[in-house]
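> The following block contains the structure, expressed as C-alpha cells.
The values are calculated or read from the model by the stated rules, or taken from the named source; none is laboratory data. These figures come from a predicted structure and were not determined experimentally. Reconstructed Cβ throughout: ideal geometry from the backbone, glycine too, with neighbour counts over all protein chains shown. Ligands, DNA and RNA are excluded from the accessible area calculation, which covers all protein heavy atoms including side chains. Shrake-Rupley method; radii C 1.70, N 1.55, O 1.52, S 1.80 Å.
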Amino acid sequence: MEKSLLKKIPTLQNTEVTNKRCLVRVDFNVPIKDGKITSLARIQAAKPTIDYLLKAKAKVILLSHLSRIKKIEDIKSGKKSLKIVAKALQRMYPRYNVVFIKDNRDKKLPSLVRNMKQNQIFLLENTRYQDINQKTGQLVKLESKNNLRLAKFWASLGEVFVNDAFATIHRGHASNAGVAKQMKNKCIGFLIQNELENIIKFDKYATRPITSIIGGAKISDKIKLLETLMATSNQVLIGGGMANTFLAALGINLGKSLVETEMLGFARDLYAKHKDKIILPIDLKVAKEYADIPGEYVSINKFPKELMALDVGPKTIKQYLKIIKLSKTIFWNGPTGVSEFNNYSNSTATIAKEVAKATASGAFTLIGGGDTAAAAIKFTNKNAFSFISTGGGATLAVIAGEKLPGLKG
Ligand code: AMP
C-alpha cells in the first residue's frame, strides 16, 4: 500500500460527527462456540471509535457481518445472528440502551433512526443475511455482490459513514464500498487507521535488513504477497506446507507431504528469480499421517516416500534464527509447521520467541494473519511484537499492495 493513499483517506479526527447520525461498519465477526462468544477482542477493538462518537453525542448505528451466510438454514438456525453480540455490547455499555434491529432492511428503519434517543445504540442484524432471499431461500448475495439498492437503503440511515471494519477492506460489499459510494461524509475509524499506519511501516523504505517469514499451508492463497515480499525483503524464509511446493519444484521428492502441483511452475520461476533471497528448509520433521503423533527428523535429500513433512527440522530453524537475529525489520505470516499439533509446533514456537527477542532489541516486527497471530501469542505474549495485525486476508492484501475496494467509495 502506498503511504500517500493513507494521507488521502479522511479519518475520524478530521470529520464532523458531533450530534450526527453515524452509520458505522464494524467487524463483530466474533468466534462463537456452543452458543457463547469465546473472544470479545473484535468488539473491544471497535470500542475506541464507538466511544469517540458517543462522546461527540453522535447517534451510533452499527453494521457488521458475522460469518458467511450461504443457505436459509444459516439464518433460520439463529447461529449467525448478531443478537448475541448485542447482549455483549449492552454489558460493555451499561449506561446506554443497545437496541438490536432484527430486520436490517425494515422499511420503518429510516424513521426509527431519525427518532433515536441520545442514550441508544443501534445494532443491525448480520449484513450477510441479505445474501439470501428470506422468502424464496435463494442465494442472492445482495451484500457480498454490493447491490446498489441495498447500499442506498443503508446509506439513507446515516449522515456520516464511518468504516472501521478492517478485516473486510479487501472486499467490495454493500455495507462498506456500497454505502461509502452513496455518502458524501465518510471516514475511516481508529481501528482501520491504526492498522494501516502500522502495516505501512513494513515497506521497502523500512530499516534494513528486512526479513519476511512466510509459512502456512498453501502458495496459491499468497501469490501476490510472495511477489511483494521478494521485492521488499533482503531475505525471505519459507516454511510450512508452502515450502514443500518450492522443494518439490526443485525436484525433491517429498513422499506424502502436502504439495500444490498446480503451483510448481510458479514456485520454480519465483525461486529462479530470487534464489539469493529465499531460504528453504534443509531438514524436516516427518510423520506417517496428518496427526499429532511423535515424528522423526530427515534431511530433504533422504525423504522417505511413505512419510509427510509437518514441520521444519532443527538445522533449518538454526538457519532461520541466524537471520532473524540480524534483522531490523521483520514481517511474519503463516506457521512454519502444523503448529496446532504439539509434536510439530517447535519451529513456529522458536521463531515466535526469536522474533519477540528481536523486538526487544529494537527491530520493527509485524505479525499478520489470524493463525499466525494466535500462534505468536500462544508461544510468547501479545505485547512481544511491534504490531499484531488482526485482518487475515485484509492484512495480506494491504502488504501485497492489492486494491482495497472496501476503502473506496
Ligand atoms: P495459512 O492459513 O495459509 O497461514 O495456513 C495455516 C495452516 O497451515 C495451519 O493450519 C498449519 O497447520 C498449516 N501448515 C503449516 N505447515 C504445514 C505442513 N507442513 N503441512 C500441512 N499443513 C501445514
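> Would you be able to say whether some residue in the stretch 319-335 is within 13 Å of the ligand (Cβ to nearest atom), without any contact (Cβ under 8 Å) to a residue 60 or more places away in the chain and touching an Asp or Glu at 6+ places or on another chain (Cβ under 9 Å)?
Checking the stretch 319-335: not a single residue is within 13 Å of the ligand (Cβ to nearest atom), without any contact (Cβ under 8 Å) to a residue 60 or more places away in the chain and touching an Asp or Glu at 6+ places or on another chain (Cβ under 9 Å).
> Can I ask one more? Regarding the stretch 41-55, can at least one residue be identified that is part of a loop (DSSP other than H, G, I, E, B) and of a type in the set (Ser, Thr, Tyr)?
No: zero hits.
> Which of (1) outside any strand (DSSP E or B); (2) buried (at least 21 other Cβ atoms within 10 Å of the Cβ) is the odd one out, the single condition Val162 does not satisfy?
All conditions are met except number (1).
> So how many residues does the stretch 300-310 have that are in contact with a strand residue (DSSP E or B) (Cβ under 7 Å, 6 or more places away or on another chain), closer than 18 Å to Gly240 by Cβ and more than 11 Å from the ligand (Cβ to nearest atom)?
So the count comes out to 2.
> From the set of residues in the stretch 203-227 that are of a type in the set (Ser, Thr, Tyr) and more than 16 Å from the ligand (Cβ to nearest atom), which is nearest to Lys285 (Cα to Cα)?
Selected residue: Thr211.
> Return the pair list, or none, for Cβ contacts closer than 7 Å from residues in the stretch 162-183 that are among the acidic types (Asp, Glu) to residues that are in a loop (DSSP other than H, G, I, E, B), at least 6 apart or on different chains.
Hits for this filter: Asp164/Val26; Asp164/Gly189.
So that you can scan it fast, the table gives a plain yes or no per residue for (1) more than 23 Å from the chain's Cα centre (by Cα); (2) assigned to a strand (DSSP E or B):
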residue	(1), (2)
Lys224	no, no
Glu227	no, no
Ala231	no, no
Met242	no, no
Ser257	yes, no
Arg268	yes, no
Ala272	yes, no
Tyr290	yes, no
Tyr297	yes, yes
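> Go through the stretch 230-279 and report how many residues are small (Gly, Ala, Ser), more than 11 Å from the ligand (Cβ to nearest atom) and buried (at least 19 other Cβ atoms within 10 Å of the Cβ).
Summing the residues that are small (Gly, Ala, Ser), more than 11 Å from the ligand (Cβ to nearest atom) and buried (at least 19 other Cβ atoms within 10 Å of the Cβ) in the stretch 230-279 gives 4.
> Test Ile351 against the stated conditions and say whether it is within 15 Å of the ligand (Cβ to nearest atom) and without any contact (Cβ under 8 Å) to a residue 40 or more places away in the chain.
No, not satisfied.
> Given Gly409, Gly337, Gly368, which one is open to solvent by less than 50 Å² (accessible area, probe 1.4 Å) and at pLDDT below 95?
Gly368
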